[in-house]
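Read through the structure below, which is laid out as structure tokens, and then see the notes.
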Amino acid sequence: GSFCLSKGLGAPVGSLICADARGITPLRRLRKMFGGGMRQAGILAAAGLYALRYNVTRLSEDHARAKRLATMLAELPGVRVDPKLVETNIVVFDITETRRTTEELIATLKGQGLLVVPFGPMSLRAVTHLDVSDDQIDEACGIFKRVFV
């Protein structure tokens, strides 16, 4: 398996591939074939170690904020999302019934200071992470309500 050290864990960059010794050998070869690898990456490794030591336990905060956001989005007209399915820091919601395009909504939300990305032709994705506070979730909820109601 693999997982990312940035995003919720707060490291500046980095992902890990986890495997036993037999499984990791061919993966190292693939990494080199595709140009992966860095020299003198110790400072980045230190940031990754810090993230693993101090930020894993707080991931549940990001997940709770995402669920709170999904719960509010589910109440908006034309927005479809099932908050029960939101188990991580990612909220994907369908906007088909709003009769607005992803491009239009992304631009409108960005103009209000809220960044989301497209996730298919009629869905948007919002992500909570280490740098998103409860107050910012409140602010995001207010922006969504102004834009969708």
Simple spin-label estimate for Gln136/Ile43, 7 Å along Cα→Cβ, in nm, reads 2.4
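Considering all projection directions equally, how large on average is the shadow of the alpha-carbon convex hull of the chain, in square nanometres?
11.0
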Too long for a 23 Å Cα-Cα cut-off, among Lys84/Lys110; Lys7/Lys145; Lys7/Lys110, are Lys84/Lys110; Lys7/Lys145
For the chain, averaging the sequence separation of alpha carbon pairs under 8 Å that lie six or more residues apart and dividing by its residue count, the contact order in percent is 21
In this structure, the FRET efficiency calculated for Leu30 and Thr88 from their beta-carbon separation, with R0 = 30 Å, to the nearest 0.05, is 0.65
Note, the stretch 53-69: 3J(HN,Hα) by Karplus (6.51, -1.76, 1.60, θ = phi - 60°), whole Hz, Gly/Pro = x, goes 6, 10, 10, 5, 5, 8, 4, 4, 5, 4, 5, 5, 5, 5, 5, 4, 5
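How much FRET efficiency would the formula 1/(1 + (r/R0)^6) give for Cys4 and Glu97, where r is the Cβ-Cβ distance and R0 is 22 Å, rounded to 0.05? Can you show the working numbers first?
On the way: r = 32 Å, r/R0 = 1.46.
The value I calculate is 0.10.
Rule-based calculations on the coordinates, nothing more; no lab input. Note that the coordinates shown come from a computational prediction; the quantities given were computed from them, not determined experimentally. FYI the Cβ positions are ideal-geometry reconstructions off the backbone, even for glycines, and counts take in every protein chain you see.
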